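Taking it in order: structure first as structure tokens, then the write-up.
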Amino acid sequence: MQPLANITPLKPAGAVEVRNVGQIFKTTTQDVVALEDVSLDVKPGRFVVLVGPSGCGKSTLLMMMAGLRQQTSGTITISGAPIPEPDPNRVGVVFQEASLFPWLTAEENVEFPLALRGVTKSDRRARAQDALKLVGLDGFGKRHPHELSGGMKQRVSIARGLVQDPPVLLMDEPFAALDEQTRMTMGDELLRIWAATGKTVVFVTHSLTEAVYLADEVIVMSPRPGRIVDHLQVSLPRPRTYEMLSGDTFGSLRDRIWRHIRKSA
Amino acid sequence: MRGLGVKAARVAIVVALFAIWEILSRSGIVNPRLLPSASDTLATLGDLLQRASVRKDLAVTATEVVTAFALAVPVGALIGFLIAENRYFADVAKPLLFFAFSIPKSIFLPMFILVFGVGFAQKVGFGFFSTIFIVIMSTTTAVESVKVEHLTVARSYGATPMQTAFRVYLPSMLPVLLEALRISMIFNLTGVILAEMYASRDGIGHQIATWGENFQMKQLLAGVLMIAVIAITFNELVRWVETRCSHWRT
Ligand SMILES: Nc1ncnc2c1ncn2[C@@H]1O[C@H](COP(=O)(O)OP(=O)(O)OP(=O)(O)O)[C@@H](O)[C@H]1O
Ligand SMILES: [Mg+2]
């Protein structure tokens with residue numbers, strides 16, 4: 001045995017642990033149980049996709065992982081520590097298209113998290129350039145969001161999520177507003193970025209095809225109160241290709257998810 | 001090119017209006033005593049602007065307008081912001097504000113004289129009073145135009161309340177606020193001139209009232225032109241800032 005084996009090792013960066021988490025929203029009329037006893041374990045570097053019917057609490061779960069909302073019960077740890085408030089060094093969040101600031105250029109949007117922490121201008125610029133290059137937007141830094149296509153905007157959002165190099169990236173339906181072709185391309189792009197950076201990704205989507213195509217693991221949730229009803233391992237090899245979409249493995253995985261969702265509808 | 005065409009059309013309309021004015025008066029279709037010709041009015045305007053007393057009146061009015069504006073905008077913006085940020089307060093205050101906004105303000109002119117006497121404070125006070133409601137209401141609208149998504153983004157990247165105010169609220173609100181500024185200035189100018197016309201010893205509004213009472217139509221119309229020019233200048237100034245920020249709008 002190694003000499004240090006008896007010392008509890010730190011949880012590796014990028015692990016996400018959700019233990020018996022519940023969320024109850026108190027409204028004036030009633031208490032809404034959004035999530036009930038949700039537990040899941042995401043190993044560092046894994047690509048995990050959450051699917052489930054609308055209103056089952058996917059966004060809520062992601063918000064809690066980001067420290068943007070506190071769970072009513074249970075614990076959540078990111079890289080081994082709880083997340084009582086947002087911590088951009090541990091977690092990057094990618095929102096839907098509308099989340100870019102229209103008054104800032106692409107590179108200023110990417111620099112935004114750094115500007116908040118007082119990183120110097122030149123340092124900021126350099127890191128934003130790197131992030132934009134990573135997402136394939138080299139040379140588009142000076143444009144404003146309205147001068148970019150939907151896909152490009154989401155690349156900027158991803159760059160903004162990555163600029164502080166957090167080990168975990170949370171994405172809530174990032175490609176929902178895109179047309180199907182752009183969406184496919186962005187999926188491939190995301191996988192490329194993910195492979196290049198080794199981030200842990202938790203990704204929410206309504207598209208079952210997208211879920212199976214992207215994921216190492218798919219987690220299926222039930223309607224409210226949201227619970228985990230299935231946890232699938234996607235054994236398809238990487239890199240994923242378009243041809244896999246028509247294969248048997250792909251089809252049976254997607255069918256299995258669909259049966260859960262249909263049952264709950 | 002299109003912008004140029006629009007500008008040319010505007011100039012053409014103004015020129016045409018002046019031409020019609022000139023013709024109506026010169027041909028006697030409208031009694032020249034009632035409507036002095038455009039050229040006479042412009043000549044009078046030139047004359048008046050030479051006079052030290054008129055220039056002093058203009059300076060007095062300008063000072064009052066700027067003071068009232070400089071007070072009403074930040075105070076109104078602050079109140080509007082607080083209202084918009086507090087749901088309960090917003091629900092209570094909004095209909096009341098709209099009610100207050102709907103009342104013709106000139107009804108209250110005598111009260112301003114009772115409180116402030118006749119002078120600078122009375123006119124600034126009334127200008128302030130005429131302006132603040134529109135500022136409050138516009139600010140409330142501006143705050144509501146801030147997108148929740150943007151606030152969530154700021155929060156998720158650990159923005160402090162100060163950073164959120166200056167990096168998210170302010171830029172989100174600016175287009176609406178600039179538009180509001182323009183409209184507020186109209187209310188402000190109207191308020192101050194009205195107060196001057198009602199009771200005052202100086203200011204261009206007071207002059208206009210005097211000319212009007214004595215049926216000095218040339219001077220009266222020249223005064224109207226002066227005020228129009230002031231209003232247009234300010235309007236264009238804010239518009240210019242607005243267009244510079246126009247890429248913010250999606
Ligand atoms: N602030 C809140 N107050 C009260 N109820 C809320 C609040 N936020 C969410 N909910 C409720 O909690 C449940 C879960 O919402 P959530 O947005 O997490 O669902 P979702 O799975 O992301 O849905 P969708 O797929 O439509 O995005 C919903 O029923 C919603 O109405
Ligand atoms: Mg959601």
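The values are calculated or read from the model by the stated rules, or taken from the named source; none is laboratory data. Worth saying up front: this structure is predicted, and the values here are computed from it rather than measured. Positions of Cβ are backbone-derived with ideal geometry, glycine not excepted, and every protein chain shown enters the neighbour counts. Heads up: the accessible areas ignore ligands, DNA and RNA and are worked out on the full protein's heavy atoms, side chains in. Shrake-Rupley method; radii C 1.70, N 1.55, O 1.52, S 1.80 Å.
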The simple spin-label model distance between B:V30 and B:L78, using points 7 Å out along Cα→Cβ, in nm, is 4.6 nm
To make sure I understand the rule: partners must be aspartates and glutamates, Cα under 16 Å from the Cα of B:K7, and not fewer than 8 residues away in the same chain. Which ones qualify?
B:E236
Over the Cα atoms of segment B:36-249, Rg to Rh with Kirkwood Rh, two decimal places?
1.07
Kindly write out, for segment B:20-27 in residue order, the coupling ³J(HN,Hα) from the Karplus curve 6.51 cos²θ - 1.76 cosθ + 1.60 (θ = phi - 60°), rounded to whole Hz, with x marking Gly and Pro.
4, 3, 4, 5, 3, 6, 5, 6
Looking at chain A, what % of its DSSP beta bridges pair antiparallel, to the nearest 5?
55 percent
Long-range HN-HN contacts of A:F47 with modeled amide H, under 5 Å
A:V201, A:D216, A:E217
Heavy-atom accessible surface, probe 1.4 Å, ligands and DNA/RNA ignored: which residues of segment A:66-93 lose at least 20 Å² versus the isolated chain?
A:L68, A:P86, A:P88, A:V93
For segment A:188-265, what does the relative contact order come out to in percent, with C-alpha contacts under 8 Å and a separation of six or more?
27 percent
I'd like to check one number: the per residue accessible area of chain B, probe 1.4 Å, reported in Å² as a whole number.
56 Å²
Starting from the amide H of A:G92, placed 1.01 Å from N in the peptide plane, find each other amide H under 5 Å away whose residue is 5 or more places distant or on another chain.
A:V168, A:L169, A:L170
MRE, 222 nm, helices only [DSSP H, n ≥ 4, -39500 (n - 2.57), over chain A, to nearest 500]:
-10500 deg cm²/dmol
If you average the C-alpha positions of segment B:142-179 and of segment B:1-38 separately, how far apart do those two centres end up, in angstrom?
46 Å
Accessible surface of segment B:1-73 [probe 1.4 Å, protein heavy atoms]: carbon and sulfur percent:
72 percent
When the accessible area of chain A is split by element with a 1.4 Å probe, what percent falls to carbon and sulfur?
52 percent
Starting from the amide H of A:D230, placed 1.01 Å from N in the peptide plane, find each other amide H under 5 Å away whose residue is 5 or more places distant or on another chain.
A:V220
What are the aspartates and glutamates whose alpha-carbon lies under 13 Å from the alpha-carbon of A:K142, with same-chain residues fewer than 8 places away excluded?
A:E107, A:E108, A:E111
Rolling a 1.4 Å sphere over the protein heavy atoms, what is the accessible area per residue of segment A:115-265, to the nearest Å²?
46 Å²
So how many Å³ per residue does the convex hull of the Cα atoms of chain A work out to?
166 Å³
Under the rule rounded for a/c under 1.5, else prolate if a/b exceeds b/c, else oblate, using alpha carbon gyration tensor axes a ≥ b ≥ c, segment A:129-203 is classed as oblate
Can you give me the convex hull volume of the Cα atoms of the protein assembly as shown, divided per residue and expressed in Å³?
236 Å³
Just for the protein assembly as shown, what percent of DSSP beta bridges are antiparallel, to the closest 5?
55 percent
Candidates per trypsin sites (Lys or Arg not before Pro) in segment B:65-147, loop by DSSP, up to 10 other Cβ within 10 Å
none
Using only helices, what value at 222 nm comes out for chain B when you add -39,500 (n - 2.57) per DSSP H run of length 4 or more and divide by the total residues, to the nearest 500 deg cm²/dmol?
-27500 deg cm²/dmol
Approximate spin-label separation B:E213-B:Q163, in nm, with each point projected 7 Å along Cα-to-Cβ:
6.2 nm
Any idea of the total accessible area buried by the A-B contact, 1.4 Å probe, rounded to 100 Å²?
2000 Å²
Segment A:1-144, relative contact order in percent, only Cα pairs under 8 angstrom and at least six apart counted:
21 percent
Partner chain Cβ atoms within 10 Å, averaged over the residues of A:98-110 - can you pull that number for me?
4
When only Cα pairs under 8 Å and 6 or more residues apart are kept, what is the percent relative contact order across segment B:36-249?
30 percent
